[in-house]
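One structure is given here, and the rest of the page talks about it.
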Amino acid sequence: MANTATLEIDGQRHEFPLVKGTENEVAIDIKSLRSVTNGVTTIDPGYKNTGACESAITFLDGEKGILRYRGYSIEELAEKADFLEVAYALIFGELPTKEELDKFHTDIKSKSVIDEDLKKILESFPRSAHPMGVLSSLTSALTAFNPSSVDVSSPEAMYNAIVKLLGKLPILVAWTMRRHMGLPLEYGDSSLGYIENLLKMMFQKPNEEYVQNPILVNALDKLLILHADHEQNCSTSTVRIVGSSHAGLFASISAGISALWGPLHGGANQAVLEMLEAIKEDGGDTKKYMAKAKDKADPFRLMGFGHRVYKNFDPRAKIIKVAADEVLGDLGIDDPILDIAKGLEQEALNDSYFVDRKLYPNVDFYSGIIYRGMGIPTNMFTVMFALGRLPGWIAQWREMRLRKEPIGRPRQLYVGETQRPFKDLVNR
Ligand code: ACO
């Protein structure tokens with residue numbers, strides 16, 4: 001294979017180096033494009049063909065349905081590792097030794113406290129506020145309580161900022177849910193594992209002892225692992241681009257949470273359940289909704305189907321479908337919503353519209369079903385996704401800062417008015 005790509009503009013030939021990744025992906029390095037072509041730029045709405053960075057964190061092959069964190073397959077990680085091990089590997093590049101993992105967990109626990117004044121901010125939101133807006137605001141507010149910016153040249157300062165965030169975000173997640181549900185705000189129990197503690201913080205009733213269910217612990221652990229990173233998606237690119245201005249870590253993560261909120265991204269898990277509820281209310285006719293999804297004049301889309309990158313079965317969806325069956329079986333849940341979900345899944349998998357466009361159920365089609373089974377309110381689903389994605393955002397932010405990437409600043413092709421004289425108010 002050639003080492004360069006040639007571009008010809010107005011009879012002038014320009015050579016650009018081809019660069020190869022470790023998985024043999026090839027990219028055209030166009031860093032010199034504007035300078036050698038006198039200002040010619042590229043147009044790529046949605047960045048479908050644009051590599052914004054080199055990254056050593058996550059590899060995914062959407063055609064083959066492959067997802068690996070730091071070289072480890074998602075299937076193996078979901079089966080053999082727990083969320084904190086995966087978080088450590090994503091952030092620092094290697095799976096932790098037993099000692100490193102214990103220290104990591106101890107350090108996270110030591111930072112698992114929140115300034116009492118943050119409660120006042122939380123309580124000032126209406127209880128009806130969307131939990132993603134609340135979480136994004138509280139994460140941003142953490143900056144005010146932790147004002148010194150991270151010295152990225154110091155591995156120790158970097159490590160401290162990371163464990164702080166991993167310690168505090170579960171509390172904010174639990175508080176956001178408890179406030180929404182009108183429950184008193186609880187602190188965790190540092191004798192518990194990360195997931196057990198999170199479940200207890202979320203679900204403990206003021207007048208009852210919280211009893212752990214290992215099936216729920218396992219399902220939540222897996223869900224968080226499966227969501228932990230997904231290379232340069234909308235929210236991760238947001239974290240990298242906000243961080244590239246050297247805005248603080250908490251501010252960058254808060255921006256990522258806002259990006260994740262949208263229904264075309266993390267908000268899809270909420271949208272899936274809302275869609276299933278709406279279909280149920282409307283009599284449960286899945287065929288009607290399949291027809292709507294295929295009708296180009298109808299804006300309705302089958303939420304939880306399709307993916308920008310996976311044009312094959314989402315490997316995460318396969319793993320989580322098993323966990324969903326376990327949770328629902330264990331909890332003895334017989335939910336008409338699930339029958340609708342299964343009906344849609346079967347119809348879509350056998351419908352040429354979906355097959356031809358390679359639209360398969362994505363991870364969010366099943367994650368919402370598990371969260372619903374666990375008793376998590378629908379509008380909290382994306383908050384759970386945010387907590388899962390936290391290690392990925394941190395890892396990508398850290399990589400971007402350590403690689404000393406320049407500030408993110410895309411170009412555009414201006415198509416507006418050319419210069420024109422100003423018109424006075426009376427003449428408009
Ligand atoms: N239902 C019906 N048709 C769909 C769907 C869907 N869910 N998704 C894509 N299509 C159709 C499009 O109409 C288009 O058809 P056409 O070629 O006839 O015009 C074709 O499939 C390609 O769709 P695009 O929108 O170009 O695909 P893109 O890769 O840009 O979008 C996306 C991916 C946004 C995820 C899309 O599939 C979608 O909207 N899905 C529903 C929302 C969802 O589940 N999002 C979660 C994604 S996973 C995550 O963020 C964690």
**Message:** List pairs: first residue in the range 256-276 and in contact (Cβ under 8 Å) with a residue 60 or more places away in the chain and within 25 Å of Trp397 (Cα to Cα), second residue more than 10 Å from the ligand (Cβ to nearest atom) and open to solvent by 20 Å² or more (accessible area, probe 1.4 Å) anywhere in the structure, Cβ distance under 7 angstrom, at least six positions apart or on different chains.
**Reply:** Gly256/Thr238; Gly267/Trp261
**Request:** Provide a single number: the residues in the range 359-380 that are within 13 Å of the ligand (Cβ to nearest atom) and either surrounded by fewer than 20 Cβ atoms within 10 Å (Cβ to Cβ) or not polar (S, T, N, Q) (or both).
**Result:** 8
**Request:** Can you tell me which residue within the range 255-275, out of those that are open to solvent by 10 Å² or more (accessible area, probe 1.4 Å) and within 25 Å of Ile407 (Cα to Cα), is farthest from the ligand (Cβ to nearest atom)?
**Result:** Ala255
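Given the range 266-334, what helices (runs of 4 or more DSSP H) lie entirely inside it while holding 2 or more residues that are of a type in the set (Asp, Glu)? Working first, answer last.
Values: elements: 268-281, 286-294, 315-330.
Those helices (runs of 4 or more DSSP H) span 268-281, 315-330.
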**Message:** Just the residues that are more than 7 Å from the ligand (Cβ to nearest atom), under 18 Å from Leu349 (Cα atoms) and open to solvent by less than 40 Å² (accessible area, probe 1.4 Å), please, taken from the range 276-312.
**Reply:** Leu276, Thr286, Tyr289, Met290, Tyr310
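Suppose the filter is open to solvent by less than 70 Å² (accessible area, probe 1.4 Å) and touching a residue at least 60 places away in the same chain (Cβ under 8 Å); does Ile333 pass it? Can you show your working first?
Numbers: open to solvent by less than 70 Å² (accessible area, probe 1.4 Å): yes; touching a residue at least 60 places away in the same chain (Cβ under 8 Å): no.
So Ile333 does not fit the description; no.
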**Message:** Quick check on Val242: is it within 21 Å of Ala52 (Cα to Cα), part of a helix (DSSP H, G or I) and without any contact (Cβ under 8 Å) to a residue 60 or more places away in the chain?
**Reply:** yes
**Prompt:** Which one is nearest to the ligand (Cβ to nearest atom) among residues in the range 381-428 that are without any contact (Cβ under 8 Å) to a residue 24 or more places away in the chain and among the β-branched types (Val, Ile, Thr)?
**Reply:** Val415
**Message:** Suppose we keep only residues that are under 21 Å from Tyr360 (Cα atoms) and touching a Leu at 6+ places or on another chain (Cβ under 8 Å) within the range 40-60. Which one would you say is surrounded by the most Cβ atoms within 10 Å (Cβ to Cβ)?
**Reply:** Leu60
**Members of the range 130-146 found to be in contact with a helix residue (DSSP H, G or I) (Cβ under 8 Å, 6 or more places away or on another chain) and not polar (S, T, N, Q), listed by number** = His130, Pro131, Met132, Gly133, Val134, Leu135, Leu138, Ala141, Leu142, Phe145
**Asked** Cβ-Cβ below 7 Å, separation at least six or inter-chain, first residue in the range 115-129 and more than 9 Å from Ala141 (Cβ to Cβ), second part of a loop (DSSP other than H, G, I, E, B): which pairs?
**Response** Lys119/Leu185; Arg127/Gly182
**Asked** Which condition number in (1) under 26 Å from the mean Cα position of the chain (by Cα); (2) within 12 Å of the ligand (Cβ to nearest atom); (3) open to solvent by 60 Å² or more (accessible area, probe 1.4 Å) is the one that Asp356 fails?
**Response** (1)
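May I ask you to say which residue of Lys103, Lys109 is in contact with a Pro (Cβ under 9 Å, 6 or more places away or on another chain) and open to solvent by 30 Å² or more (accessible area, probe 1.4 Å)?
Numbers: Lys109 fails: in contact with a Pro (Cβ under 9 Å, 6 or more places away or on another chain).
From the options Lys103, Lys109, the qualifying one is Lys103.
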**Request:** Tell me, please, whether a residue that is touching a residue at least 60 places away in the same chain (Cβ under 8 Å) and not hydrophobic (A, V, I, L, M, F, W, C) can be found in the range 150-159.
**Result:** no
**Fill in**
Listed by first then second residue, the pairs whose first member lies in the range 160-174 and is under 13 Å from Leu84 (Cβ atoms), whose partner is open to solvent by 10 Å² or more (accessible area, probe 1.4 Å), with beta carbons under 6 Å and at least 6 positions apart or on separate chains, are Val163/Asp107; Val163/Lys111; Gly167/Lys111; Gly167/Ser112
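The values are calculated or read from the model by the stated rules, or taken from the named source; none is laboratory data. Because the structure is a prediction, the values reported are computed rather than measured. Cβ coordinates were reconstructed from backbone atoms using ideal geometry, including for glycine residues, and neighbour counts include every protein chain displayed. The protein model used for the area step is the full one, side chains on, heavy atoms only, and it has no ligands, DNA or RNA in it. Shrake-Rupley method; radii C 1.70, N 1.55, O 1.52, S 1.80 Å.
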